Amino acid sequence: SREFSMAIGPQVPPPNPADVDEPSNATLAVAFYNAARAEVLQRLNMRETTFLAWITVVGAILSFAARKSPGILFEPRLLQLIPLLCLPFGLAIYRHSMIIAYLGAYLRKELGGCLRQVGNSKDPETPRHWDNSRTQSKEIGRFTVIEGVAYTFFLAGVPICCLVYLRRVADLPWTDWWLLCGSACAAVVFFFGVYSVVRDTLWARRLAKTK
């Protein structure tokens, strides 16, 4: 009705798509770059939080499992929890690491050219982001590898040490259900840890050649 049309005001027709300026590649690259960077930072924060939670859980279990009885250092029934718990913590941490690596590759390979972050940029003095630095590339790559080794040690090495302790000191048979499940969990986490270290090593070598 006429009264209804006056109440809602005049209707504005939608703009013609042909009259709307499309954003440039650089504008899109900056928007996608910022979104990917925000995701990387969020993943880094969640990974560190999960890793600190794992360290706290392991420390608490070892504290409760410590015994003063002669001949045995830790209570086996509590120590069996560490190899089992390493799987959910390890999968969560390595999942974040893999997504961070994929986002980093996306930023370098697909957006690096638009943002002049690659070696064949027309201006060799173009400022670089810190993880694509010309001067710090070797140090960044080396630190990443060391960080990956540390993650693997605490996520897989500690559970493996617990399994060896349960087998040798506590004299649990390999047919023990807890020992079998813990071994399987530790093996999965160890596999992901080795894969992560190898991936970071290859990436560090490519990063060292950054110009």
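The values are calculated or read from the model by the stated rules, or taken from the named source; none is laboratory data. Keep in mind that this is a model prediction, so the values were computed, not measured. FYI the Cβ positions are ideal-geometry reconstructions off the backbone, even for glycines, and counts take in every protein chain you see. Heads up: the accessible areas ignore ligands, DNA and RNA and are worked out on the full protein's heavy atoms, side chains in. Shrake-Rupley method; radii C 1.70, N 1.55, O 1.52, S 1.80 Å.
Overview of values
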{"item": "Average accessible surface area per residue within the range 53-94, 1.4 Å rolling probe, Å²", "result": "53 Å²"}
{"item": "Interchain or long-range residues, amide H under 5 Å from residue 74's placed H", "result": "67"}
{"item": "Estimated vicinal HN-Hα couplings, Hz - the range 162-173 in sequence order (Karplus 6.51, -1.76, 1.60; Gly, Pro = x)", "result": "5, 5, 4, 5, 5, 7, 8, 8, 7, 6, 7, x"}
{"item": "Most to least packed among 165-177, 75-87, 191-203, 47-59 [average Cβ atoms within 10 Å]", "result": "75-87, 191-203, 47-59, 165-177"}
